[in-house]
Amino acid sequence: MSSLKEEPLTNNRLSSPSEFKGATMRTKGDFLIFGSPCIGQEEIDEVVASMKSGWIGTGPKTAQFENDFALYKEAAYAVAVNSGTAALHLAMLVAGIGPGDEVITTALTFCATINTIIHAGATPVLADVDPVSMNIDPIEVEAKITSRTKAILPVHFAGRPCDMDRLCAIASRHKLLIIEDCAHAIETEYKGRKAGLFGDVGCFSFYVTKNIVTGEGGMILTGNENFAARAKTLALHGMSADAWSRFSDSEYKHYKVTGAGFKYNMMDIQAAIGMHQLRRVDQWWERRKEIWAKYNKAFAELPVELPAAPEPETRHAYHLYTMLIDKEKTGISRDDFLRAMHKQNIGVGVHYLSIPEHPFYQERFGWHAADYPIAMRIGQQTVSIPLSPKLTDVDVFDVIEAVTDLVGTPTTE
Ligand SMILES: *Cc1c(COP(=O)(O)O)cnc(C)c1O
C-alpha cells in the first residue's frame, strides 16, 4: 500500500457514497476520456508564440526541451524525436543492432516495442513476465539468451521499474546491451537511479496518454556521446549534425548526408508543449499517487486483483492503474466489464493483449500465446481505469462507483 495519508473521498456536493448512488451515471457529453492530458494556458501561449514567431519546426524550443529533460533526468545527452517509436528505432540503430541479432523483450508491451526491433532488421525474442510486477522476468530472460542475443529491452510496465539489478547483472555477464523502453517511466526510479539511464539508451514517449505529452513526441537519453550524435543525424535524414543549427541566423552552412536517415525530428510546436508539461511533472505525479491510493482503498474488498504496491527503494511513475478481472471471481468477464464501463461513459484501456496474441507475430515468428502464460493471463484479464491528474474528485468517485457496481458490493458504510 502507498504510504500516502489516505483521506476520505472528497465530494463537494454529497457527504456519503450512498447519497451519491443513482446519480453517478455520467451523461454522454460528460464522457470521461481515458488518459486525457492536462493542457495549461502556458502550453497554449508557448505554442501561439512559436506560431507567431514563424519558427514552428525544429529550433530553439526543441533544444530547450532537450536540455530541460536531460536536466530533469540527470542525463548526459538527450535527443528529441517525434515519437517514442522513433526513439526506440533510433536507439536500436545507434547501438548497432541489426540483421542476425536477437533482442529479448517482454511479452506484455505495446506493439511498437516489437515493431522497432523488426524495423532495425533484428529478431525479437519474447520473455514472459513476473505475475506480481508484470515486468519482464529475469529468469525468463536468461533462459532465452543465445549466441545471437545482442540486447535486452526491458519495459518499465505501468511505471514500475524492472528488476534492474538482475537485468544489468545478466547483461554484463553475457555482454549484452540494454535499451530501456521508458514510455511509462518518465518519473520512475530504482534504488536512487533514474529509469532510462541504466543501459545504453533510454527511450521516452510523449504521446497524448503518457505522463507528459507533446501531442506526438519522444526522447532518447544516453550517456554515450557518439550514440547521441548518431541519433541526431539519423533523426534528420542522415544530415550531418550541423543541420540542426543550420536554420539559425548565423551564416549559411552546407549539410552533408552521412547515411540514409529518417524524418524523426521533433518540432518546436511540440517542444513548446513539452517544456511546460515537464514543469508540472511532479505535481501531477502527486495527484496520480493520490488517485491510486483512493482506488486501492475503495477496491480493497472487491474480488479483483489490484496492482502490487511499489517496491521499496523505487519510485513508481503511476502511469497506469490496472486491475485483473477474473470472471470466476467477479461473475463478469473482462470484455463485458470494458463494455459496461464504456456504457457508463467512463473510458477504459487494455494494456495489453500479450504480444503473441496478434496474428502478424504468430505468422512471422510462430509464437503461441500459451507459451507466455503469465502475459497471456494478464492480457486477457487486465483493465486500465482512468488515472489522469486532470480527474476531479467527483470523476474519481464516478469511476469507483462504476467499478464497484460491476464487480462487487460497495464496502463503504
Ligand atoms: C506509447 C508506447 C510506445 C510508443 O510511443 P509513441 O510515442 O506512441 O510512438 C512504446 N512502448 C510503450 C510501452 C508505449 O506505451
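The values are calculated or read from the model by the stated rules, or taken from the named source; none is laboratory data. Keep in mind that this is a model prediction, so the values were computed, not measured. We place every Cβ from the backbone using ideal geometry, glycine too, and count neighbours over all the protein chains shown. For accessibility, only protein heavy atoms count, side chains too; no ligands or nucleic acids. Shrake-Rupley method; radii C 1.70, N 1.55, O 1.52, S 1.80 Å.
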Here are some residues: 208, 201. Which one is more than 18 Å from residue 127 (Cβ to Cβ), within 16 Å of the ligand (Cβ to nearest atom) and open to solvent by 20 Å² or more (accessible area, probe 1.4 Å)? 208
Output for the stretch 170-197, where each listed residue is over 13 Å from the mean Cα position of the chain (by Cα), assigned to a strand (DSSP E or B) and free of Cβ contacts under 8 Å to residues at least 40 places away in the same chain: 178, 193
Can you give me the number of residues within the stretch 332-356 that are over 24 Å from residue 110 (Cβ atoms) and either touching a helix residue (DSSP H, G or I) at 6+ places or on another chain (Cβ under 8 Å) or open to solvent by less than 30 Å² (accessible area, probe 1.4 Å) (or both)? 4
Near pairs, Cβ below 6 angstrom, 6+ apart or cross-chain, from the stretch 87-103 (without any contact (Cβ under 8 Å) to a residue 60 or more places away in the chain and farther than 19 Å from residue 77 by Cβ) to any residue that is more than 16 Å from the ligand (Cβ to nearest atom) and part of a strand (DSSP E or B): 101/150; 102/123; 102/125; 102/149
How many residues are outside any helix (DSSP H, G or I) and away from the ligand (no atom under 14 Å from the Cβ) when one looks only at the stretch 127-140? 7
Residue under question is residue 167, and the condition is that it be farther than 18 Å from residue 80 by Cβ and in a strand (DSSP E or B); does it hold? no
Qualifying position, being among the aliphatic types (A, V, I, L, M) and either near the ligand (Cβ under 10 Å from one of its atoms) or buried (at least 21 other Cβ atoms within 10 Å of the Cβ) (or both), among 143, 151: 151
The stretch 84-117, residues that are assigned to a helix (DSSP H, G or I), open to solvent by less than 30 Å² (accessible area, probe 1.4 Å) and touching a strand residue (DSSP E or B) at 6+ places or on another chain (Cβ under 8 Å): 84, 86, 87, 88, 90, 91, 92, 94, 113, 114, 117
Selection count where residues are under 14 Å from residue 387 (Cβ atoms) and of a type in the set (S, T, N, Q), scope the stretch 262-318: 1
Exactly one of 293, 340, 309 is away from the ligand (no atom under 16 Å from the Cβ) and part of a loop (DSSP other than H, G, I, E, B), and that residue is 309
I need a count of the residues in the stretch 44-83 that are open to solvent by 20 Å² or more (accessible area, probe 1.4 Å) and part of a helix (DSSP H, G or I). 17
What is the number of the single condition among (1) modelled with pLDDT under 95; (2) under 23 Å from residue 315 (Cβ atoms) that residue 78 does not meet? (1)
Return the total of residues in the stretch 343-395 being in a loop (DSSP other than H, G, I, E, B), in contact (Cβ under 8 Å) with a residue 12 or more places away in the chain and not aliphatic (A, V, I, L, M). 14
Residues within the stretch 358-371 that are buried (at least 17 other Cβ atoms within 10 Å of the Cβ) and more than 16 Å from the ligand (Cβ to nearest atom), tallied: 2
